[in-house]
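Asker: The structure follows.
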Amino acid sequence: MTELRKRGGGGDTDLVSETISDKETDVEDRLGLPGEPGVEADGDSESKADTPEVPPSTADNTPQFLNKAVEGLNPRWKNWWIRGVLSLAMISGFFMMIYLGPVMLILVVMSIQIKCFQEIIDIGYRVYHSYELPWFRTLSWYFLICVNYFFYGETLAEYFGALVQREEPLQFLVRYHRFISFALYLAGFCMFVLSLVKKHYRLQFYMFAWTHVTLLIVVTQSHLVIQNLFEGMIWFLVPVSIVICNDIMAYLFGFFFGRTPLIKLSPKKTWEGFIGGFFGTLVFGFILAYLLAQFQYFVCPVEYNSETNRFTAECEPSDIFVMHEYTLPFAVQNIIQWKTVNLYPYQIHSVALSTFGSLIGPFGGFFASGFKRAFKIKDFADTIPGHGGIMDRFDCQYLMATFTHVYIASFIRGPNPSKVLQQLLVLQPEQQLSIFNTLRERLRDRGMLPPAATEAI
């Protein structure tokens with residue numbers, strides 16, 4: 001900015017005044033952006049002018065019966081009971097969604113994604129609405145639709161090959177899916193450029209970045225949640241349950257035993273809660289993995305059956321869901337007097353998931369706490385009494401979903417015959433025949449195809 005002012009002599013003065021307006025300078029001051037040289041920013045003490053504030057919500061949406069039941073209690077215990085009752089209600093609803101099957105879980109994930117996106121975008125809108133930026137919310141929701149179209153189109157092509165083969169309009173959409181997605185995004189990009197207003201350029205680019213970072217955090221990672229679900233419901237349920245358990249255990253240990261602050265970003269978090277949550281989550285994840293690994297419904301990949309037009313989870317369980325006998329280390333044998341133990345290999349994987357969920361997962365919550373402190377708000381919204389907004393409850397889930405997806409791709413996933421077959425069905429008949437002939441030759445060369453069968457083919 002200083003350089004522009006120094007250069008701004010004669011005919012350049014008008015250009016400088018257009019580029020750096022009083023309004024934009026005010027925005028810089030409110031956002032805490034670098035100003036003139038020689039002015040030091042205090043990183044520890046934030047003044048109210050550094051950061052735009054979101055108007056606080058004063059509405060109490062706690063159900064009336066709960067308020068009556070806990071009246072008379074001190075605020076600490078009142079909040080404890082409200083959080084506890086509503087946590088049980090949410091967990092009960094989660095069990096109901098599991099019972100209703102994969103389709104309902106996918107719809108729930110999509111609904112949560114949309115609500116989380118809305119909560120974050122609304123913060124930006126409430127902060128900057130006084131500048132009357134054109135098309136901010138309209139373009140934000142348009143980009144949400146574009147990104148969802150791209151991701152769910154990819155899912156349709158990958159998991160619904162038989163349905164795509166049967167429906168000609170879907171074949172066209174799948175064939176040109178990425179081009180259509182790019183064209184849709186390009187239209188939004190052009191609309192944003194056309195919406196730029198003099199004196200607000202920098203602020204509008206801030207909000208453009210705000211929208212795209214929100215899409216990255218919310219939409220991309222919710223897509224990974226659905227990808228995990230298709231690998232088998234156990235890969236969805238165990239990670240989600242681990243985060244829920246860690247949240248509850250850390251809260252309980254912190255509530256009753258917490259004395260030592262853990263991190264400045266979240267003053268109520270304590271070392272006692274963090275450590276107690278870690279060990280409690282390890283035990284919970286190990287037991288839950290044992291219980292779910294016994295059922296085909298949970299361990300089999302979720303696939304679309306074109307004959308029944310329904311999702312199914314039927315398969316021969318893979319090796320990680322078959323009981324194995326393990327020999328214990330000699331030191332452990334001396335302690336517990338057991339030489340061997342029977343476990344599902346998935347239980348060992350659950351230890352890795354639980355460790356991440358309890359040690360690294362909370363950093364998703366710390367990140368969200370830092371975000372909220374930056375804008376001087378307590379919660380993303382007041383959707384759930386005692387808990388805040390939906391994003392307040394799912395800040396750790398998105399980080400956990402990404403880790404689970406990476407973990408499956410790195411250590412679990414192998415070739416999937418069903419997916420290969422679905423991709424083959426989408427090919428042209430000539431391409432299918434060519435692949436068939438190549439496969440027949442390979443099998444014959446390896447002696448896996450009997451001569452009689454070769455002659456018949």
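Asker: Of everything in the stretch 259-280, what is part of a helix (DSSP H, G or I), touching a residue at least 60 places away in the same chain (Cβ under 8 Å) and not small (Gly, Ala, Ser)? Give them in sequence order.
Answerer: Passing the criteria: PHE274, PHE278.
Asker: If you go through the stretch 357-390 one residue at a time, how many are open to solvent by less than 20 Å² (accessible area, probe 1.4 Å) and over 24 Å from PRO261 (Cβ atoms)?
Answerer: Number of matching residues: 2.
Asker: Here is a follow-up. Between a first residue in the stretch 281-296 that is over 12 Å from GLY357 (Cβ atoms) and at pLDDT 95 or above and a second residue that is open to solvent by 40 Å² or more (accessible area, probe 1.4 Å) and assigned to a helix (DSSP H, G or I), which pairs have beta carbons less than 7 Å apart while being 6 or more apart in sequence or on different chains?
Answerer: From the stretch 281-296, the pairs are PHE286/VAL351.
Asker: Just one of (1) touching a helix residue (DSSP H, G or I) at 6+ places or on another chain (Cβ under 7 Å); (2) buried (at least 17 other Cβ atoms within 10 Å of the Cβ) trips up VAL351, so point out which.
Answerer: Here VAL351 meets the rest and fails (2).
Asker: Go through the stretch 250-273 residue by residue and tally those that are surrounded by fewer than 21 Cβ atoms within 10 Å (Cβ to Cβ) and either among the charged types (D, E, K, R) or more than 20 Å from PHE367 (Cβ to Cβ) (or both).
Answerer: 10
Asker: Which residues, taken from the stretch 67-109, are touching a strand residue (DSSP E or B) at 6+ places or on another chain (Cβ under 8 Å) and hydrophobic (A, V, I, L, M, F, W, C)?
Answerer: Within the stretch 67-109, LEU86, MET90, VAL103 qualify.
Asker: Then there is this: For residues in the stretch 326-348 being in a helix (DSSP H, G or I) and out of contact with any helix residue (DSSP H, G or I) (no Cβ under 7 Å at 6 or more places or on another chain), which is least open to solvent (accessible area, probe 1.4 Å)?
Answerer: Here the residue is GLN333.
The values are calculated or read from the model by the stated rules, or taken from the named source; none is laboratory data. As the structure is a prediction and not an experimental result, all values here were calculated from the model. Neighbour counts are summed over all protein chains in view; Cβ atoms, including those assigned to glycine, are modelled from backbone coordinates with ideal geometry. These area figures cover heavy atoms from the full protein model, side chains too; ligands, DNA and RNA do not enter into them. Shrake-Rupley method; radii C 1.70, N 1.55, O 1.52, S 1.80 Å.
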